[in-house]
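Following: one structure in structure tokens, then a few remarks.
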Amino acid sequence: MMNRMGHRCLSALILLAVSLLSGCNSHNLPTGTIEKKYYAPGPWAVTVSTGVYCCDSLHHKFDVFYPTNLGANGFLHPIVTWGNGTFGQASGVAYFLNHLASWGFVVIATEDEFTGPGQTILDAANFMVQANSDSTSIFYHKLNTSHIGAAGASQGAGGAANALIKSAGTIKTVVPIELPAHMWSLCPACIDTKNLTSGSVFFIDGSSDILISPPKQSPGVTTEESIEAYYNAVPAGVPKLKATLIGPNHNDITGQPSCQTAVPPCVNGVYGYLGYPTAWFMDQLQGDAYAHGAFVSSTGEIFSETTNWEYVASNIQ
């Protein structure tokens with residue numbers, strides 16, 4: 001383990017130095033037509049409610065990002081529940097969560113800072129399901145409670161996947177972002193993706209995040225120590241996708257949108273995390289056939305977008 005860690009540390013420093021010297025001018029701006037569509041803000045104005053709603057099973061409040069004109073024209077909003085990274089808060093990824101809400105999703109985030117077990121992420125989803133049935137709630141009959149997704153970063157990435165597993169089918173899809181290798185995880189809360197036997201999953205990491213969330217598995221290593229290993233462990237019958245964003249490090253998801261106010265290490269900012277993750281949720285939770293075209297195995301748009309994406313694999317039909 002120490003040899004692997006030393007190799008990863010050295011490689012991570014080299015990659016970070018190369019990124020800084022190159023000036024990181026691309027910002028992972030989208031190049032494909034599908035990615036460009038969902039990279040742009042959606043049609044919904046967004047309202048943010050911080051710490052108003054209570055509470056998960058550990059007594060944390062919720063932050064909610066939602067379309068201001070809830071239920072316009074009879075639309076029922078799918079739900080996305082977010083898992084914070086260690087010591088993280090939704091405000092740290094506000095640009096990303098606002099973006100999802102602008103595409104019609106109601107996004108709820110527990111204020112829990114240790115979301116790895118997944119229970120508080122699931123609690124947040126269940127809170128929204130209950131709010132949809134509460135005649136005193138602004139969300140009353142405005143939500144599509146049969147279309148719920150989860151996402152999270154770092155510890156929250158594993159937590160989001162654990163929430164799907166624990167949900168018994170309530171959560172339909174998950175997007176783990178910068179999921180740490182098992183060597184960094186606090187088991188038994190650490191995720192074992194062979195237990196993702198239902199729903200669907202889109203693993204995303206940054207190419208500079210080889211210390212914590214490396215894209216490729218080292219030879220001879222049998223535990224889940226990479227995005228490649230996590231992807232391969234998911235049963236073949238579960239729709240799955242993985243892709244590595246070229247450039248970003250562990251905390252680029254906290255860009256607002258650039259790295260100027262982000263938590264380090266950050267290389268480009270949140271830009272590359274906007275298009276395809278949004279398209280994924282549009283496909284999986286809103287039945288968007290155009291978005292689906294990005295992810296089809298071998299022929300999907302993401303496979304040809306080699307300016308920003310590498311190590312892409314999919315079994316999506």
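Note on segment 197-237: residues that are assigned to a loop (DSSP other than H, G, I, E, B), open to solvent by less than 10 Å² (accessible area, probe 1.4 Å) and touching a Leu at 6+ places or on another chain (Cβ under 7 Å) total 3. Restricted to segment 54-64, and to residues there that are surrounded by fewer than 18 Cβ atoms within 10 Å (Cβ to Cβ) and not in a loop (DSSP other than H, G, I, E, B), the residue that is modelled with the lowest pLDDT is Cys54. Name, by its number, the condition in (1) open to solvent by 10 Å² or more (accessible area, probe 1.4 Å); (2) at pLDDT 95 or above that does not hold for Phe295. Status for Phe295: all satisfied but (1). Need pairs with beta-carbon distance below 7 Å; first residue under 21 Å from Ser200 (Cα atoms) and within segment 136-148, second open to solvent by 40 Å² or more (accessible area, probe 1.4 Å) and charged (D, E, K, R); sequence gap 6+ or separate chains. Listed pairs, sorted by first residue: His147/Lys172; Ile148/Lys172.
Just one of the numbered conditions (1) modelled with pLDDT under 95; (2) open to solvent by less than 20 Å² (accessible area, probe 1.4 Å) is not true of Gly104; which one? Every condition holds for Gly104 apart from (1). Evaluated against (1) more than 14 Å from the chain's Cα centre (by Cα); (2) within 24 Å of Gly275 (Cβ to Cβ), Val221 falls short on exactly one condition, (2). Filtering segment 145-167 to residues that are touching a strand residue (DSSP E or B) at 6+ places or on another chain (Cβ under 6 Å) and either surrounded by fewer than 24 Cβ atoms within 10 Å (Cβ to Cβ) or of a type outside the set (A, V, I, L, M) (or both) leaves His147, Gly149, Gly152, Gly156, Gly159. Each residue in segment 244-266 was checked for being closer than 13 Å to Gly85 by Cβ and not in a loop (DSSP other than H, G, I, E, B), and 3 of them qualify. When Gly116 is tested against the conditions (1) crowded, with 24+ Cβ neighbours inside 10 Å; (2) touching a helix residue (DSSP H, G or I) at 6+ places or on another chain (Cβ under 6 Å); (3) within 29 Å of Glu35 (Cβ to Cβ), the lone failure is (3).
Applying the set (1) open to solvent by less than 50 Å² (accessible area, probe 1.4 Å); (2) at pLDDT 85 or above to Ser11 leaves exactly one unmet item: (2). Each residue in segment 159-173 was checked for being of a type outside the set (S, T, N, Q) and without any contact (Cβ under 8 Å) to a residue 60 or more places away in the chain, and 6 of them qualify. Scanning segment 17-39 for residues that are open to solvent by 60 Å² or more (accessible area, probe 1.4 Å), modelled with pLDDT under 85 and not small (Gly, Ala, Ser) yields Val18, Leu20, Leu21, Asn25.
Residue pairs whose Cβ atoms lie under 9 Å apart, sitting 6 or more positions apart in sequence or on different chains, and linking a residue in segment 65-92 that is touching a residue at least 24 places away in the same chain (Cβ under 8 Å) and in a strand (DSSP E or B) to a partner that is of a type in the set (A, V, I, L, M) and open to solvent by 60 Å² or more (accessible area, probe 1.4 Å), are Phe65/Val48; Tyr66/Val48; Tyr66/Ile138; Pro67/Ala45.
Scanning segment 173-183 for residues that are at pLDDT below 95, surrounded by fewer than 17 Cβ atoms within 10 Å (Cβ to Cβ) and outside any loop (DSSP other than H, G, I, E, B) turns up at least one hit. For Gly269, the requirement of being part of a loop (DSSP other than H, G, I, E, B) and open to solvent by less than 10 Å² (accessible area, probe 1.4 Å) is met.
The values are calculated or read from the model by the stated rules, or taken from the named source; none is laboratory data. Values in this document were obtained by computation on a predicted structure and should not be read as measured data. Neighbour counts run over all protein chains shown; Cβ positions are idealised from the backbone, glycine included. Ligands, DNA and RNA are excluded from the accessible area calculation, which covers all protein heavy atoms including side chains. Shrake-Rupley method; radii C 1.70, N 1.55, O 1.52, S 1.80 Å.
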